[in-house]
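Trainee: Have a look at this one.
Each value in this text was obtained by applying a stated rule to the coordinates, not by laboratory testing. Note that the structure is predicted; figures quoted are calculated from it, not measured. Because the Cβ atoms are built from the backbone with ideal geometry, glycine has one as well, and the counts that use them run over all protein chains shown.
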Amino acid sequence: MSRSPMQVILGPLVTERSYSLYQQGRYTFRVAKDATKPEIARALEEQYEAQGVKVGAVNTINMHGKVRRTGRRGTTGRTADWKKAVVTLKQGRLEGLFGGV
Amino acid sequence: MTTPPDVSVVTETLPGSQLGLTIEVPQVQVDGAYERVLQRLSQRIKIGGFRPGKAPRALVEARLSPSAIREEVIDTLVPPVVNQALRERDIDAIDRPQVEIQELERGRPARFTARVSVWPSVTLADLDSLKVEKPATEVTDEMVEQRLLELRERLAQVEPVEREIAMGDVVVGDVRLLVDDQEVPSESRTAIELEVKEDVLLPELLAALPGRKAGEVAVAELTMPEDHEDENVRGKPGRLEVTVQGVKQKTVPELTDELAEQLSEGEQKTADDLRQAVRRDLIEQSRRIDELSYEQAVVRTVVEASGVEIPDSLVDREVDREMEDMERRLGRQGLRLPRYFEYLNKTEDEYRASLRPDAASRVKVDLVLEEAGRQLAIEPTEDEVTEYIREQADKDAELKGQLEQLSGNEAARGYFRHRLTRLKVLEALVSRLGGDRDDKAVEAKAE
C-alpha cells in the first residue's frame, strides 16, 4: 500500500507551540490518521526532495477530537480525531511553514 | 518619533499661496516604520493557534494584505515626518497638508510630496504714497429747511375741502389699474389716501390729478415696469383710473417759536434755536456718514494697492463659515438648507461658488489689514483689551452678564483682541492716508 505524500502529510500545523519547536528544527504536521512513522518519514523525504531532507526521527500523537455541542437541545457531537507528527531532520531544513517567502 | 537626522526636504513655492514639499525618507526609517507597524498590528490581529502578539512576524505579514500594511505605514510614517518638516522650516500651514506618496516600499528610501497652503505673504502698499480724498458733504440751507419742513409736516392739519385738487393735497379715492382693458386686481385699491406730492406719487398720476374734483375720474396712461411680478403685464401700456371721492387740504404749520418748542419737546425755545439744532444734527449725521464712507474708501485703496495671493483654503473656510451662518439663520425660521437651495433653484455647489467672490475679497481685506497691523506694530495691551471688552459689554445687555467670564476666557479675549486690533488698524490707516483731519473747517463753516 503506497499513498502519495499529499495523502499522508495533510499540512503543517501552525500554532504557537509548533512554532517554538520549529525554531529548534523540529517540524510539526497534521498527518493521516492511519499513517505510520516510516510512512511519514518516506512521504516527507519525497515531498521535500528538492531540499534534500533526511528524516531523523518521527514522533506521532493521536489527537482526540473535541466534544462540541450541537443543536438546541444540548446534543453533543465531536470533531474528527487526527494525528500529529513531529519530525526531526538529520539533514536539511524546511522553510516557509510559518509564512514568509 | 525621534529626530530623523537625514530626512531631506525640498520646498518650492506654488501658485495660490501654496507650498510644495518633496520629502525623502531614508531606508532605515522606512524599515523602522514597517517594523513598528507590524509590531502594532500583530498585537491586534488574531491568528488561530497563537495568542495575540505571539505569532511570528512572517506569519503576520502573510496574513495581512500588503496594501493594508502599506496604508498603515503611510499613516504612521508620513504625518510625523511632514509635521516635522513644516516645523523645522517654520512653515505656517493653514490647512492640512495634502500628501501624495511617490514611492514607498520596504527596504527602499521613500519619497513623497506634500502641498500645504501657507499664510500668504502680503505686499503692503506703500502707505505714504497713497492719498484718499476725504469726502465733506456740506450741509446747505436748503437741507436744513427741507428737514424743518419734514418736521413740521408731521403736525400738519388735514381738512376736507370742496375744491379742485391742488399740489400738496391729499386725495381719497379708488384706484383701478387696467392693462389690455383688463383690471389688474393686485394693483387696485379702494378708498385709499394719495398724497399729491413729488416723489410720493407716480409722475403720471401727479400730472393727472390736479384740477380734478370729487366725483371725477382722473386717468393716467403709463407703461408697466419690466420687472413687474406679474409677467403678463410687464412692459405693457397700462391705464390708471382714480375715482376721486374727496379732497383734503394739508396745512403745514408755520415755524414759530411755540412750534419749535413743541417739535423739540421743550428743548429749543425759539424757531432759530431749532434751526440751529437741526443744522447741528445734520452736520453730525453727514460727518458720520462721511467718516464711514471715508473709512471704506481708505480700506479699498490700501487693499487694491497691496498684493496678496489669496489661498483657496482660506476662501473655503470663509465660505464654510457663511454657509453655517446661513444654516443657523434658516434653522431659526424652521427652514432647512436643502429646501432653501430648492427654492433658489440652485445646487449647493452653485451656491457656494456664488459666495466665493465676496468671500475672497473679505479674506483679502482681512489679510491686508492684518499685515498693516503688523507693519504699523499695532498691538493692543492686555489692559486695553479688558477695557474694550468692558466697553462692548456696556453696549450689549446680553454680554453684560458674562463680563467676568469673558475677560477671563482666553478664547474670548482673543476674539476681542482681534477686533480691537482691527479697529486700531483702521484708525491708523485713516489718519495716515487722510493726513490731518479737517473736521474743524467743516464745523467752522457750520457756525
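Trainee: Want the number for B:VAL217 to B:ARG89: 0.36 nm per residue separation, take away the alpha-carbon distance, what's left?
Mentor: 37.7 nm
Trainee: Tell me the volume per residue, in Å³, of the convex hull enclosing the alpha carbons of the range B:157-251.
Mentor: 92
Trainee: Under 18 Å from the 7 Å Cα→Cβ point of B:SER293, by amide nitrogen: which residues of the range B:109-134?
Mentor: B:132-134
Trainee: Quick one: which of B:LYS134/B:LYS269; B:LYS131/B:LYS424; B:LYS395/B:LYS424; A:LYS84/B:LYS54; B:LYS134/B:LYS424 span more than 24 angstrom between C-alpha atoms?
Mentor: B:LYS134/B:LYS269
Trainee: Follow-up question, since we're still on this one. With N denoting the number of residues in the range B:279-419, provide Rg(C-alpha) divided by 2.2 N^0.38 Å, to two decimal places.
Mentor: 1.34
Trainee: Under a 10 Å cutoff between Cα atoms, tell me which one of B:ASN232, B:ASN83, B:ASN345 has the largest fluctuation in the Gaussian network model of chain B.
Mentor: Largest GNM mean-square fluctuation: B:ASN232.
Trainee: How large is the Kirkwood hydrodynamic radius of the protein assembly as shown, counting all unique pairs of alpha carbons, in Å?
Mentor: Evaluated on the protein assembly as shown, it is 34.9 Å.
Trainee: Still on this structure, I have one more. Bins of 10 Å, beginning at zero and ending with the bin holding the largest distance: percent of Cα pairs per bin for the range A:5-91, please.
Mentor: P(r) over the range A:5-91, rounded to whole percents: 17, 44, 23, 11, 5, 0.
Trainee: Oh, and also: Take the alpha carbon atoms of the range B:362-399, find their center, do the same for the range A:1-18, and report the distance between the two centers in whole angstrom.
Mentor: Each part reduced to its Cα centre gives a spacing of 80 Å.
Trainee: Moving on to the next point. For the protein assembly as shown, what is the calculated [θ] at 222 nm in deg cm²/dmol (nearest 500), taking -39500 (n - 2.57) for each run of four or more DSSP H residues and dividing by its residue count?
Mentor: -14500 deg cm²/dmol
Trainee: By how many nm would the segment from B:GLU327 to B:GLU100 lengthen if fully extended, with 0.36 nm per residue of separation less the alpha-carbon distance?
Mentor: 78.3 nm
Trainee: Let me ask another. Determine the gain in length on full extension of the stretch B:GLU350-B:ARG390; use 0.36 nm per residue of separation and subtract their C-alpha separation, reporting nm with one decimal. Each step should come with its number before you reach the end.
Mentor: Values: separation 40, 0.36 × 40 = 14.40 nm, distance 4.22 nm.
Once the chain is fully extended between B:GLU350 and B:ARG390, it gains 10.2 nm.
Trainee: Also: Considering only the other residues whose Cβ falls under 12 Å of the Cβ of B:VAL144, what net charge follows from Lys and Arg at +1 and Asp and Glu at -1? Don't jump to the answer; show the numbers that get you there.
Mentor: On the way: positive: B:ARG147, B:ARG275, B:ARG279, B:ARG280; negative: B:GLU138, B:ASP141, B:GLU142, B:GLU145, B:GLU150, B:ASP272, B:ASP281.
With Lys, Arg at +1 and Asp, Glu at -1, the net is -3.
Trainee: With r defined as the distance between the Cβ atoms of B:ASN409 and B:GLU145 and R0 fixed at 35 Å, what FRET efficiency is calculated, to the nearest 0.05?
Mentor: Values: r = 53 Å, r/R0 = 1.52.
Rounded to the nearest 0.05, the efficiency is 0.05.
Trainee: Arrange the peptides A:56-69, B:210-223 so that the one whose residues have, on average, the most other Cβ atoms within 10 Å appears first.
Mentor: Result, highest mean first: B:210-223, A:56-69.
Trainee: Separate question: Work out the FRET efficiency for B:PHE341 and B:ARG317 from their Cβ-Cβ distance, taking R0 = 25 Å, and round it to the nearest 0.05.
Mentor: After rounding, the FRET efficiency stands at 0.75.
Trainee: Mind putting together the pair-distance distribution for the range B:8-117? All Cα pairs, 10 Å bins, whole percent per bin, short to long.
Mentor: Distribution as computed: 14, 40, 26, 15, 6, 1 percent.
Trainee: Taking the convex hull of the alpha carbon atoms in chain B, what volume per residue do you get, in Å³?
Mentor: Output value, Cα hull per residue: 291 Å³.
Trainee: At 7 Å along the Cα-to-beta-carbon direction for both B:SER67 and B:ASP358, put a label point, then send me their distance in nm to one decimal.
Mentor: Calculated label separation equals 4.5 nm.
Trainee: Go ahead and set up a Gaussian network model of chain B, Cα springs under 10 Å, then flag whichever of B:ASP290, B:ASP366, B:ASP227 fluctuates most.
Mentor: B:ASP227
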